[in-house]
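J.: The structure that follows is given in the form of structure tokens.
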Amino acid sequence: MVYSDEIEEKIDRIIKELKVSYPDIQNYRWHAIKLLEEDKEITEKYPISKIELIDRSYESDIINQKYDFITEVMQEVVVNKAKKEASTDQIDKILTSKWLGLPAFLAIMAFVFFLTFTVGDWLKGYMGILIKWLAIILSDGLNFLHAGDMFTSLMIDGILAGVGGILTFLPNIFILFLALAFLEDSGYMARVAYVMDGIMGKLGLSGRAFIPMILGFGCSVPAIMASRALENRRDRYKVMLITPFMSCSAKLPIYILLSGMFFKNHAMIAAYSMYLIGLVIAIFVAYIISRIDKKKQQEIMLLIELPEYKAPSSRTIWIYVWEKVKDYLTKAGTTIFVASIFMWFLLNFGTEGYSANMANSYGAIIGKWITPIFIPIGLGYWQVALSLIAGISAKEVVVSSFAVLFGVSNVTSSAGMNTLVGQLGSLGFGQLNAYCMMLFCLLYIPCVATLATIKKETGSWKWTGFTALFQLCVAWVITFGVYQIGILF
């Protein structure tokens with residue numbers, strides 16, 4: 001880097017002074033520049049006798065000349081930069097518009113869920129066929145080996161029904177993460193934070209606080225960790241409190257299953273409404289907290305880079321999607337696997353030992369004991385109550401629990417869904433109950449991994465416990481209101 005004649009002359013003269021006074025210095029030019037910038041540490045460590053050489057700080061001059069040099073290089077080597085900037089500006093007139101920015105974001109997310117349901121459901125059908133084929137092979141193999149009824153039930157009704165039921169949603173999860181990766185790498189997600197800055201500002205937060213909330217569409221754990229980017233401790237706690245209200249990918253199987261069974265042609269609308277409700281509830285709770293919290297917060301302006309729009313990198317997207325899918329498969333092979341076995345045990349063992357009658361099981365006893373809490377919100381069925389408790393380990397476990405509870409090995413197939421609808425219908429569980437269950441699953445206690453992350457980030461068991469209790473209360477109150485209003489119609 002060559003600076004102006006004035007600065008270069010001073011650098012040369014300072015270097016001569018440094019060579020005389022400090023012969024052991026390794027990089028004389030770097031130290032000369034730091035002395036011209038009046039760097040405190042270097043100035044104290046290597047003072048020079050001819051102080052008239054440094055009549056003022058040349059830091060801003062040096063910085064400006066560096067940027068001028070960078071600009072010259074970019075103009076010479078970057079192709080079509082002006083054209084790309086012009087295209088980005090044209091697109092941003094719509095996507096970051098004061099009036100069109102938010103509707104554009106909601107429309108884009110609606111399209112993402114259109115793809116998740118249409119393409120994902122098409123692929124899910126083939127996954128369902130594969131799981132059904134595996135169930136037949138496993139059943140025939142166990143019969144050939146003359147396995148006992150209890151072990152056969154564990155393998156077919158417990159492990160395969162639970163884990164297999166979750167794996168059939170893998171295509172939907174894949175499409176969702178593929179779309180989110182595309183939006184992220186294209187440069188759009190940074191615009192969402194900018195668009196939301198005004199709304200978040202009215203809640204006492206900056207647009208930067210919306211970034212963890214967006215990440216919450218994927219998984220609440222990294223979303224909670226992303227709250228570290230907020231400078232203010234009180235803001236971090238607010239964001240950690242409201243982020244779990246966002247619909248993470250673990251809740252998607254619940255929406256797909258229940259909306260597919262009870263809302264048929266309107267399944268996508270029913271599921272998409274969960275994402276909108278979660279967003280609205282999170283913003284509303286943040287607003288209430290800002291009204292309660294009277295302590296004056298320092299206004300923090302949003303400073304964020306809005307990169308030029310570009311074609312996403314296939315390698316970047318592959319890495320992002322693979323990591324998410326791998327996490328999903330890992331969870332299916334660990335948490336959900338263990339939860340399915342535990343749920344099978346609760347449903348097949350009771351005070352009298354092993355029994356094929358679930359009504360006498362430990363699970364039925366526990367479910368019936370807590371059922372009164374769920375009656376006012378339309379979920380007063382011991383099977384539903386038990387699945388919700390199991391869902392605290394991981395939200396996908398709600399679906400696997402349904403498969404185990406109702407003995408449907410391939411719960412996502414047309415036959416399996418019809419069987420499950422029939423069983424639920426015989427209990428009086430209809431459309432309103434299904435919607436209330438989706439709503440409650442959206443808002444109630446976060447999964448164990450999220451709670452553990454909140455504990456790690458806050459270092460407080462009290463705040464972690466408060467978060468769990470707060471979310472449970474919000475979920476119960478909102479679901480109560482929807483159910484009580486719904487039964488009037």
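The values are calculated or read from the model by the stated rules, or taken from the named source; none is laboratory data. Values in this document were obtained by computation on a predicted structure and should not be read as measured data. Positions of Cβ are generated from backbone atoms using ideal geometry, with glycine treated the same way; all protein chains shown enter the neighbour counts.
J.: If Pro47 passes every condition in (1) surrounded by 11 or more Cβ atoms within 10 Å (Cβ to Cβ); (2) assigned to a helix (DSSP H, G or I); (3) out of contact with any helix residue (DSSP H, G or I) (no Cβ under 7 Å at 6 or more places or on another chain) but one, which one does it miss?
T.: It is condition (2) that Pro47 fails.
J.: Within the range 1-37, how many residues are in contact with a Phe, Trp or Tyr (Cβ under 8 Å, 6 or more places away or on another chain), surrounded by fewer than 17 Cβ atoms within 10 Å (Cβ to Cβ), not in a helix (DSSP H, G or I) and not hydrophobic (A, V, I, L, M, F, W, C)?
T.: Result for the range 1-37: 1.
J.: To continue, here is another question. Do any helices (runs of 4 or more DSSP H) lying entirely in the range 218-271 carry at least 2 residues that are of a type in the set (Lys, Arg) and surrounded by fewer than 23 Cβ atoms within 10 Å (Cβ to Cβ), and which ones are they? Full working, then the answer.
T.: Values: elements: 220-225, 233-242, 252-262.
Correct list: 233-242.
J.: Still on this structure, I have one more. Restricted to the range 91-144, and to residues that are hydroxyl-bearing (Ser, Thr, Tyr) and over 23 Å from the mean Cα position of the chain (by Cα), which residue is nearest to Ile199 (Cα to Cα)?
T.: Selected residue: Ser97.
J.: Please determine whether any residue of the range 442-459 is assigned to a helix (DSSP H, G or I), hydrophobic (A, V, I, L, M, F, W, C), farther than 26 Å from Asn360 by Cβ and free of Cβ contacts under 8 Å to residues at least 12 places away in the same chain. Spell out the reasoning first.
T.: So in the range 442-459, the residues assigned to a helix (DSSP H, G or I) come out as 442-443, 448-458.
Of the ones still in play, those that are also hydrophobic (A, V, I, L, M, F, W, C) are 442-443, 448-449, 451-452, 454.
Pick out the ones that are also farther than 26 Å from Asn360 by Cβ and you get 442-443, 448-449, 451-452, 454.
Now drop any that are not free of Cβ contacts under 8 Å to residues at least 12 places away in the same chain, which leaves 452.
Yes; the residues of the range 442-459 include at least one that is assigned to a helix (DSSP H, G or I), hydrophobic (A, V, I, L, M, F, W, C), farther than 26 Å from Asn360 by Cβ and free of Cβ contacts under 8 Å to residues at least 12 places away in the same chain.
Residues are listed down the side, and each one gets a yes or a no for (1) at pLDDT 90 or above; (2) among the aromatic types (Phe, Trp, Tyr); (3) more than 30 Å from Met127 (Cβ to Cβ); (4) part of a helix (DSSP H, G or I):
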position	(1), (2), (3), (4)
Met417	no, no, no, yes
Gly422	no, no, no, yes
Asn433	yes, no, no, yes
Phe440	yes, yes, no, yes
Cys473	yes, no, yes, yes
Trp476	yes, yes, yes, yes
Gln484	yes, no, yes, yes
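One line per residue, one yes/no per condition, for (1) assigned to a helix (DSSP H, G or I); (2) within 30 Å of Leu276 (Cα to Cα):
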site	(1), (2)
Asp61	yes, no
Asn64	yes, no
Asp68	yes, no
Val79	no, no
Glu85	yes, no
Leu102	yes, yes
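J.: Here is a further query. Please work out if Thr152 is farther than 21 Å from Glu396 by Cβ, of a type in the set (Val, Ile, Thr) and at pLDDT 85 or above.
T.: Taking the combined requirement at face value, the residue does not satisfy it.
J.: Find all pairs meeting these conditions: Cβ atoms under 7 angstrom apart; at least six residues apart or on different chains; first residue within the range 240-265 and more than 11 Å from Ala223 (Cβ to Cβ); second residue of a type in the set (Ser, Thr, Tyr) and not in a helix (DSSP H, G or I).
T.: Every condition considered, the pairs that remain are Leu257/Thr412.
J.: Using the structure shown, decide if Met274 is closer than 30 Å to Gly425 by Cβ, assigned by TED's automatic domain parsing to the domain that holds Leu469 and modelled with pLDDT of 90 or more. Can you show your working first?
T.: Working: closer than 30 Å to Gly425 by Cβ: yes; assigned by TED's automatic domain parsing to the domain that holds Leu469: yes; modelled with pLDDT of 90 or more: yes.
Criteria met by Met274.
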